[in-house]
Amino acid sequence: MDRHTRKSSLALTLILGALNLIAFNVLIAGLPWLRVDLTEDRVYSITPATKRLLSSLDENLTITGYFSKRTHPKLAPLIPSIKDLLEEYRALSGGRVNVEIVDPGEDEVAEQEANDRFGVESTPFRLASKYESGIVNAYFAVVVRYADQYVRYGF
């Protein structure tokens, strides 16, 4: 093979490889329920009972997380985990679970709805660090709505 033929073959191989990766990504994107937990202890796996429950919903379920950007330092690491778990529920539900993450401290309408409709209120947390101390009023609650019922889980 001459040099030009090898370069052409290499370019064609790279192009075909890239097209295969793109096709694979498009195929996987159409299968949101296809997820793999590669953690050692299967920390992010959803139980079979939860999967059955999510797939058997007759009506839409709305889960709203009310979280403030500034909260107690011990609660802050929980927020991304809760968001990820709720997104897993959404992905496994086949479109039956809607997830909303709201910071009522930045949206007066959301704050009013959280307070009046669901009884979600801010909680005062004492903050103390090397550089500052004080109290911050923060939201840390989840509201699960199904049909005309709701349950509030808070701090």
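Between amide H atoms placed 1.01 Å from N, distances below 5 Å from residue 120 occur with 115, all of them 5 or more places distant or on a separate chain. For the chain, the solvent-accessible area of protein heavy atoms averages 74 Å² per residue (probe radius 1.4 Å; ligands and nucleic acids excluded).
For the chain, modelled as a Gaussian network with Cα springs under 10 Å, which listed residue fluctuates most, 15, 101, 46? It is 15. Membrane-span-like helices in the chain: DSSP H runs reaching 24 Å or more (Cα, own axis), mean Kyte hydropathy at least -0.5? Membrane-span-like by this rule: 3-29. Rounded to the nearest 500, what is the 222 nm mean residue ellipticity of the chain from helices alone, with -39500 (n - 2.57) per DSSP H run of 4+ residues and division by all residues? Calculated mean residue ellipticity at 222 nm is -13000 deg cm²/dmol.
The accessible surface of the chain, taken with every protein chain in place and a 1.4 Å probe, is 56 percent carbon and sulfur.
Put simply, the amide H of residue 46, placed in the peptide plane, has no neighbours under 5 Å, leaving out anything fewer than 5 places away on its chain. Shown here for the range 35-141: trypsin sites (Lys or Arg not before Pro) in loop regions (DSSP other than H, G, I, E, B) with at most 11 other Cβ atoms within 10 Å, namely 42, 69, 74, 130.
The values are calculated or read from the model by the stated rules, or taken from the named source; none is laboratory data. Since we're looking at a predicted model, the values are computed, not measured. In this analysis, Cβ positions are derived from the backbone assuming ideal geometry, glycine residues included, and neighbour counts consider all displayed protein chains. Side chains are part of the model used for accessible areas, which takes the heavy atoms of the whole protein and leaves out ligands, DNA and RNA. Shrake-Rupley method; radii C 1.70, N 1.55, O 1.52, S 1.80 Å.
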